[in-house]
Amino acid sequence: MQVKSLQLGMIGTNCYIFWDGESGKCAVVDPGDDGRRVADFISGHGLEPVAILLTHSHFDHILGIPGLRAVWPDLPVYCHPADVDESRHSVTLFGSTFPTVNAFGAVTPYVEGDRVQVGGITVEVIHTPGHTPGSVTLKAEDVLFTGDTLFRSSVGRTDLEGGDFGALLTSLAKLGRLEGDFRVLPGHESASTLEDERRFNGYMAQAMGM
C-alpha cells in the first residue's frame, strides 16, 4: 500500500490518498478542500478512485468532495451515520457558515466493523467517538487513519458540538489496545506510530489506565 499526504484548506488538514500498487485502485481520506488538486494527483498517477472515506464530517475534512465528484460523479462518500444529520445542509462554526456532508449528495454509511475494499487493500472501520459522535479510525494494513481522534502526543478537541471527552478516552483506550504497532496518520500535524503514542501521549496513558 502506498500513501500520499496533501495538506489542504485553511487549517492544513491532512488529506490522504492511498492505493494498491497492483490494481491501481485508490481511496481518498478526508479531502478537506481543493478537490481538483486531489483529482489531478489521482489522474496524474494513473489511479482509479473507488471511495472517499471520511473520519468525520467537520467542514475542514469534506470541502474537497465537490471537486472530486466533478470528475467522478458516482464516487461514493462514506461517513458514520452519527455524523450525518440529513435535516441540515449547512452549519455555522467559528463565525462562518459551511456546507454539511449532506449538501454534496448521497452519503454511504459505515459503522464499527464494516470493511471497504480498495483493490487488494481491506479497510476496517473502528468507531472512535469523542471529537464527534461519528468519528472513526480507518485501519488499512499497517496504517491507522485517525482523523481528529488521535494526534502526535495529543488528541482532537471535544469542546465543539457533539464532543465528549469521556467518549474520546474510551476511544483512545480502544486504539491503544490494538495488537501490534501501526503508523498513525492523523487529520492534522505530523505522523506518529501507535507504540510512540502508547509511550508518550499522556491522554492515551490516562485512557489505558482507566
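Within the range 10-54, DSSP assigns beta bridges of which about 45% are antiparallel (rounded to the nearest 5).
For the chain, relative contact order (Cα pairs under 8 Å, six or more residues apart, normalised by length) works out to 15 percent. For the peptides 66-74, 37-45, the ranking by mean Cβ contacts within 10 Å, running from highest to lowest, is 37-45, 66-74. For GluC sites (Glu not before Pro), the sites in the range 151-198 that DSSP calls loop and that have at most 15 other Cβ atoms within 10 Å are E161, E179, E189.
Straight Cα distances below 26 angstrom link K25 to the lysines K4, K139, with same-chain residues fewer than 8 positions distant left out. Could you work out what % of the accessible surface of the range 51-157 is carbon and sulfur, using a 1.4 angstrom probe and leaving DNA, RNA and ligands out of the count? On the range 51-157, the fraction of accessible area on carbon and sulfur atoms equals 51 percent. Solvent-accessible surface of the chain, averaged per residue with a 1.4 angstrom probe and all protein chains in place: 43 square angstrom. Extents of the range 99-147, taken as max minus min of Cα coordinates on every principal axis and listed largest first, are 32, 26, 15 Å. Would you mind getting me the FRET efficiency between R36 and S96? Use the beta-carbon distance for r and R0 = 35 Å, nearest 0.05. The computed FRET efficiency comes out at 0.95. These residues, T97, T149, go from largest to smallest accessible area, 1.4 Å probe, as T97, T149. From largest to smallest, the equivalent ellipsoid semi-axes obtained for the chain from the alpha-carbon gyration tensor read 25, 21, 15 Å.
The values are calculated or read from the model by the stated rules, or taken from the named source; none is laboratory data. As the structure is a computational prediction, the values presented were derived from the model and not from experiment. Here the Cβ is made from the backbone with ideal geometry for all residues, glycine too, and neighbour counts use every protein chain on show. Just so you know, the surface numbers come from the protein's heavy atoms only, side chains and all, with ligands and any DNA or RNA stripped out. Shrake-Rupley method; radii C 1.70, N 1.55, O 1.52, S 1.80 Å.
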